[in-house]
Amino acid sequence: MPFARNAWYVAALPAEVTDKPLGRKLLGEPIVLYRTPEGTVAALLDLCPHRFAPLSMGMLVGGHLQCPYHGLEFDGAGRCTLNPHGNGARPASLNVRAFPTVERDDLVWIWMGEAADADPALIPDYSCRIAAGRRTIGGHMRVDCNYRLLVDNLMDLGHAQYVHRANAQSDAFDRVEREVVAEDRCIQNLMKLPGGSPTVFVSKFLDVGNQTVDLWNDIRWYPVSAMLNFIAFAISGTPKEESMNSMGTHIVTPETDESCHYFYGASRNFAIDDLRVDDDFRAWQRQALLIEDKPMVEAIEGLRAVIARHALKPAMLACDEAAVRVSRRIDAMERETA
């Protein structure tokens with residue numbers, strides 16, 4: 001599993017990390033996450049160096065993580081702080097690998113590569129999740145597919161007309177305007193659907209009468225698998241900056257070669273105090289992500305052996321440019337790891 005390790009990934013949502021150890025597999029590695037008495041997030045390899053028991057089965061004792069098997073204790077930096085056996089010696093062999101973490105924008109980020117290279121300045125900006133004037137609804141789920149299938153899905157928003165047709169189909173799709181912008185650490189897929197009727201979802205929030213609407217569906221990628229989706233709508237002719245819009249968190253972290261964690265959210269700039277609109281967004285996320293996208297990418301994952309046996313390569317369509325550019329960037333990052 002040649003994952004790109006010198007990069008920031010999301011390990012958890014802050015509410016998931018408490019004083020009770022959380023075991024989570026990331027990039028094929030067992031990781032235990034917990035909060036220290038100071039409130040910071042610690043991340044250790046989820047293996048006690050004595051008999052390799054999962055530390056996530058243990059508990060916090062005096063702020064230190066206690067192994068459930070023989071009682072060794074470790075601090076947030078992975079140093080053994082207590083050996084209750086024999087003379088209590090604590091050689092370096094009793095230390096556990098610790099991973100750098102940063103809690104930012106209501107996300108817990110982890111660096112799985114060389115700790116000395118962990119630069120917090122490389123973490124993408126998801127401040128929309130906590131910005132004044134926005135309301136964020138989101139969550140986390142596991143998906144049984146290689147993480148790159150989900151990245152492909154998210155970078156190609158043309159699938160919304162078909163996979164999400166019940167809520168997102170627009171009669172302006174045949175007039176779609178596309179632009180792909182590639183920068184050093186960001187690839188953007190910009191899509192505008194001008195002068196169409198509102199989608200079913202848009203109709204819940206915007207009364208257009210006999211007028212048409214302009215729709216925008218932009219997504220930007222940051223290494224390795226963090227995406228930010230801008231979905232906007234307004235009466236035709238309204239500037240994009242004045243639209244009703246939602247900034248979408250779509251961050252995928254590999255679990256194994258055949259599974260991943262999906263951290264998602266929608267940070268809207270309208271009806272921020274309306275609980276009914278919260279419910280509308282939760283229903284949309286459940287429908288689009290859990291009921292529609294998840295089965296699709298999992299079905300493709302299930303055909304991986306057949307695809308390999310026939311040495312098949314995906315055919316390319318006009319809507320694939322951004323996804324292909326992202327795939328090539330990830331290929332290069334994974335080769336660096338290998």
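Yes/no per residue for (1) modelled with pLDDT of 95 or more; (2) assigned to a helix (DSSP H, G or I); (3) within 15 Å of the chain's Cα centre (by Cα):
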| residue | (1), (2), (3) |
| --- | --- |
| ASP214 | yes, no, no |
| TRP221 | yes, no, yes |
| VAL224 | yes, no, yes |
| LEU228 | yes, no, yes |
| PHE233 | yes, no, no |
| GLU241 | no, yes, no |
| GLY248 | yes, no, yes |
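More than 23 Å from ARG268 (Cα to Cα), of a type outside the set (Asp, Glu) and crowded, with 21+ Cβ neighbours inside 10 Å: which single residue out of TYR147, TYR162 fits that description?
When all the criteria are applied, what remains is TYR147.
Residues in segment 82-117 that are in a helix (DSSP H, G or I) and of a type outside the set (A, V, I, L, M, F, W, C): how many?
Residues that pass the stated criteria total 2.
Just to be sure, is ILE291 of a type in the set (Val, Ile, Thr), surrounded by fewer than 18 Cβ atoms within 10 Å (Cβ to Cβ) and in a helix (DSSP H, G or I)?
Answer is yes for this residue.
Considering ALA77, ALA121, which residue is assigned to a helix (DSSP H, G or I) and either free of Cβ contacts under 8 Å to residues at least 40 places away in the same chain or not assigned by TED's automatic domain parsing to the domain that holds GLN287 (or both)?
Details: ALA77 fails: assigned to a helix (DSSP H, G or I).
Testing whether each residue is assigned to a helix (DSSP H, G or I) and either free of Cβ contacts under 8 Å to residues at least 40 places away in the same chain or not assigned by TED's automatic domain parsing to the domain that holds GLN287 (or both) leaves just ALA121.
Looking at GLY71, GLY58, which one is among the small types (Gly, Ala, Ser) and in contact with a Leu (Cβ under 7 Å, 6 or more places away or on another chain)?
None of the others qualify; the one that does is GLY58.
Could you check segment 263-288 and list, in sequence order, the residues that are assigned to a helix (DSSP H, G or I) and either without any contact (Cβ under 8 Å) to a residue 12 or more places away in the chain or more than 16 Å from HIS159 (Cβ to Cβ) (or both)?
Scanning segment 263-288 gives LEU275, ARG276, VAL277, ASP278, ASP279, ASP280, PHE281, ARG282, ALA283, GLN285, ARG286.
The values are calculated or read from the model by the stated rules, or taken from the named source; none is laboratory data. Since we're looking at a predicted model, the values are computed, not measured. In this analysis, Cβ positions are derived from the backbone assuming ideal geometry, glycine residues included, and neighbour counts consider all displayed protein chains.
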